[in-house]
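Remarks on the structure that follows.
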Amino acid sequence: MNILIKSATIIDSKSEFHNASQDLLIENGVITKIAKSIKNPNNYQEIQLDNLHISQGWFDSGVSFGEPGWEERETIANGLKTAALSGFTAVALNANSNPVIDSNADITFIKAKSQNNAVNLLPIGALTVSSKGEDLAELYDMSSAGAAAFYDYKRPISNPNLMKIALQYAANFDGLVCSFPQENKIAGKGVVHEHIASTRLGLKGIPALAEEMQISRDLFLLEYTGGKLHIPTISTARSVALIREAKKKKLDVTCSVAIHNLIFTDEALSDFNTHFKVLPPLRTQEDADALIEGVKDGTIDMVTTDHNPLNIELKKIEFDYADYGTIGLESAFGALQKLFTTKKTIDILTRGKDRFGLEQTPIKEGTVANLTLFNPNTKSTFTKADILSKSKNAIFENESLNGLVYGIIANQQAVLKS
């Protein structure tokens with residue numbers, strides 16, 4: 001792959017060209033020259049786009065595609081194309097499929113399905129067999145096949161001894177254990193945040209306590225066992241405080257937050273729109289403010305889209321019976337720019353890679369081209385026409401967004417919007 005990128009503003013704090021407008025020459029997938037002006041040496045493909053900016057490729061620490069088993073929701077092939085056109089050069093894939101990804105053979109299947117793609121897919125294996133929370137899955141075997149972490153997607157491990165053993169066992173091969181932060185006995189049959197809005201709407205609530213109790217338990221276990229713990233999609237102010245305190249103790253813990261929990265609150269539920277039914281639920285403005293502060297100061301390590309395509313029949317029903325989840329890859333950049341500066345947004349979208357075994361790829365001569373191309377200065381309304389996923393359950397539908405993604409250059413491929 002040989003490409004000449006013209007007049008691109010580089011946003012990369014680890015590059016000597018940070019904030020500079022430069023031409024980039026890419027030959028055989030490697031950045032061979034960066035300069036103010038480069039002549040096209042061999043009639044290479046040229047990329048010249050309006051207000052073009054580039055950064056290191058973006059990473060999402062938690063997406064779902066459905067395949068195998070739920071291909072009608074999303075396939076791996078279309079999911080990776082959606083990720084590429086949304087600016088992501090790497091995604092970690094949740095074990096949210098039917099059957100659940102819980103063996104060496106399953107991980108091998110996922111890796112094979114994503115082979116030779118522009119987007120690097122990192123499979124997350126189930127922590128327990130069939131994600132039932134009863135017996136540990138084949139963690140070491142899955143790690144050997146290429147599993148980046150272990151997580152029962154949206155299913156908390158209720159047995160503390162099982163979590164203890166998981167942390168101890170995975171520590172032997174530097175495995176990353178993920179634990180969904182919810183105590184189901186406290187959450188009960190709740191479907192939204194337990195607060196004024198849930199009372200007004202007549203919906204059963206999930207107390208913030210359900211999340212915070214589980215996080216407290218897991219942090220106690222981590223302090224006892226050692227190992228590596230990742231807590232995906234936290235949603236309360238107290239959760240941020242608990243993890244901040246754990247990091248002060250030097251515990252090896254990281255966490256993420258879903259973009260929609262930064263943007264929306266439970267006030268968005270007033271018309272019972274099931275696009276807003278997500279787990280963890282949308283909380284209060286106080287919680288959202290604390291989460292945003294946690295992202296800014298680094299307490300929250302990663303921001304994820306928590307992309308979860310769902311069939312229309314799983315969403316277009318009564319609120320109580322609708323499934324949890326929203327897609328979010330396509331709207332991620334524009335949504336984050338509503339809250340943060342472009343430089344901070346890029347920092348958020350490029351950090352956390354090392355936790356899942358990926359290396360940073362600074363924009364400099366001699367490095368492999370792993371780039372996201374975008375225009376940070378456009379405004380638009382996100383509509384169904386912007387949805388690239390097979391499923392259309394988008395929480396950001398009809399929301400105003402800031403910025404436009406052109407695509408990516410990675411793995412010796414250019415995937416750009418036409």
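Details
- Over region 131-260, the pair-distance histogram of Cα-Cα distances with 5 Å bins from zero comes to 2, 10, 20, 22, 19, 12, 8, 4, 2, 1, 0 percent, rounded to whole numbers.
- Taking Cα centre as origin and charging only the Cβ of basic (Lys, Arg, +1) and acidic (Asp, Glu, -1) residues, the dipole magnitude of the chain rounds to 640 debye.
- Listed residues LYS249, LYS379 arranged by accessible area, highest first, probe 1.4 Å: LYS379, LYS249
- Formal net charge of residues neighbouring VAL253 (Cβ-Cβ distance under 14 Å; K, R +1; D, E -1): +3
- Backbone amide hydrogens, once placed in the peptide plane, bring GLU71 within less than 5 Å of nothing, excluding anything fewer than 5 places away on its chain.
- A helix-only calculation puts the chain at -7500 deg cm²/dmol for mean residue ellipticity at 222 nm, using -39500 (n - 2.57) for each DSSP H run of at least four residues, averaged over all residues.
- Kirkwood analysis of region 163-231, using all unique Cα-Cα pairs, places the hydrodynamic radius at 13.3 Å.
- Highest mobility in the GNM of the chain, judged by mean-square fluctuation with C-alpha springs under 10 Å and restricted to GLN48, GLN337, GLN182, is found for GLN48.
- Reference-scaled alpha-carbon Rg (2.2 N^0.38 Å with N residues) for region 205-361: 1.07
- With all protein chains modelled, accessible area of ILE317 [1.4 Å, Å²]: 70 Å²
- Across region 157-165, coupling constants 3J(HN,Hα) worked out from phi with the 6.51/-1.76/1.60 Karplus curve, θ = phi - 60°, read 7, 6, 8, x, 5, 5, 5, 4, 5 Hz, and Gly and Pro carry x.
- Highest mobility in the GNM of the chain, judged by mean-square fluctuation with C-alpha springs under 10 Å and restricted to VAL368, VAL240, VAL63, is found for VAL368.
- Rolled with a 1.4 Å probe across the full set of protein chains, the surface gives ARG351 an accessible area near 40 Å².
- Over 28 Å (Cα to Cα) - which of LYS228/LYS344; LYS132/LYS204; LYS364/LYS390; LYS247/LYS364; LYS154/LYS316 fall in this group: LYS364/LYS390; LYS247/LYS364
- Using alpha-carbon coordinates, inclination of helix 208-225 to the longest axis of the chain, degrees: 80 degrees
- In this structure the chain gives 40 Å² per residue of accessible area when probed at 1.4 Å with all protein chains present.
- DSSP beta bridges in the chain [antiparallel fraction, %, rounded to 5]: 50 percent
- Note on SER13: accessible area approximately 100 square angstrom, rounded to 10, probe 1.4 Å, nucleic acids and ligands left out.
- Accessible-area ranking of ASP271, ASP320, ASP106, largest first, probe 1.4 Å: ASP271, ASP320, ASP106
- Region 48-86 versus region 297-333: alpha-carbon centroid distance in Å: 14 Å
- In the chain, Rg over Rh equals 0.96, where Rg is the alpha-carbon radius of gyration and Rh the Kirkwood radius from pairwise Cα distances.
- Heavy-atom SASA rank of LYS228, LYS384, LYS33, LYS248 (probe 1.4 Å, accessible area, largest first): LYS248, LYS384, LYS33, LYS228
- Reported to the nearest whole Å, the Cα centre-to-centre distance from region 116-133 to region 210-227 is 23.
- Net charge of the neighbourhood of GLN45, taken over other residues with C-beta under 12 Å away and scored Lys/Arg +1, Asp/Glu -1, is -1.
- Prolate/oblate/rounded call for region 56-99, Cα gyration tensor, a/c under 1.5 rounded: oblate
- Taking the charge dipole of the chain about its Cα centre, with +1 at Lys and Arg Cβ atoms and -1 at Asp and Glu Cβ atoms, the residue from LEU371, TYR153, VAL63 reaching farthest to the positive side is LEU371.
- When the solvent-accessible area of region 1-91 is split by element, carbon and sulfur atoms take up 43 percent of it, the probe being 1.4 Å.
- Against the main long axis of the alpha-carbon atoms of the chain, helix 237-248 sits at an angle near 70°.
The values are calculated or read from the model by the stated rules, or taken from the named source; none is laboratory data. These figures come from a predicted structure and were not determined experimentally. With ideal geometry, Cβ positions are generated from the backbone for all residues, glycine too; neighbour counts draw on all protein chains shown. For the accessible areas, the whole protein counts, side chains as well, though only heavy atoms, and no ligand, DNA or RNA atoms are used. Shrake-Rupley method; radii C 1.70, N 1.55, O 1.52, S 1.80 Å.
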